[in-house]
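Here the structure is laid out as C-alpha cells; the discussion comes afterwards.
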Amino acid sequence: MSWKATGWAKGVRCRSSSQKFVLLVLADYYDDERAIAWPSQTRLAEDCQLDVRSVRRHLQHLVDDGYLAIVQKANQYQGTH
C-alpha cells in the first residue's frame, strides 16, 4: 500500500467516478520500492465490484489520459505491470 500513490490518485480528475475508483484501488496496490502495481484485472474487478470488461475500459482510459503506463513483459510467464 502506498499513501503517496493514494494521495496522488485523489487529486486526479477522471472521466467518471468508476474510473476514479479503479485508480484509487490500483494505487492501493502500488509498491513504492519497485514502482509498480500489478494486481490482476480480475482482482481489480472484484475489489471495485465491476465486471472485468469495465475495468479494462477504465484502465485504457487512464492510459490514454496519461495517468498510467502499462508495461508488457516479453513472454507469457511474466505478468503485465
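Only the coordinates and a few stated rules stand behind these numbers; no lab work does. Just so it is clear, the structure is predicted and the values come from calculations on it, not from any experiment. Using ideal geometry, Cβ is built from the backbone for each residue, glycine included, and neighbour counts are taken over all protein chains shown.
Scanning the stretch 43-64 for residues that are in contact with an Asp or Glu (Cβ under 9 Å, 6 or more places away or on another chain) and within 16 Å of Tyr30 (Cβ to Cβ) yields a count of 1. In the stretch 1-28, the residues that are under 21 Å from Gln49 (Cβ atoms) reach residues that are charged (D, E, K, R) with C-beta atoms within less than 7 angstrom, at least six apart or across chains, in these pairs: Met1/Asp28; Thr6/Asp28; Cys14/Lys20; Val25/Asp47.
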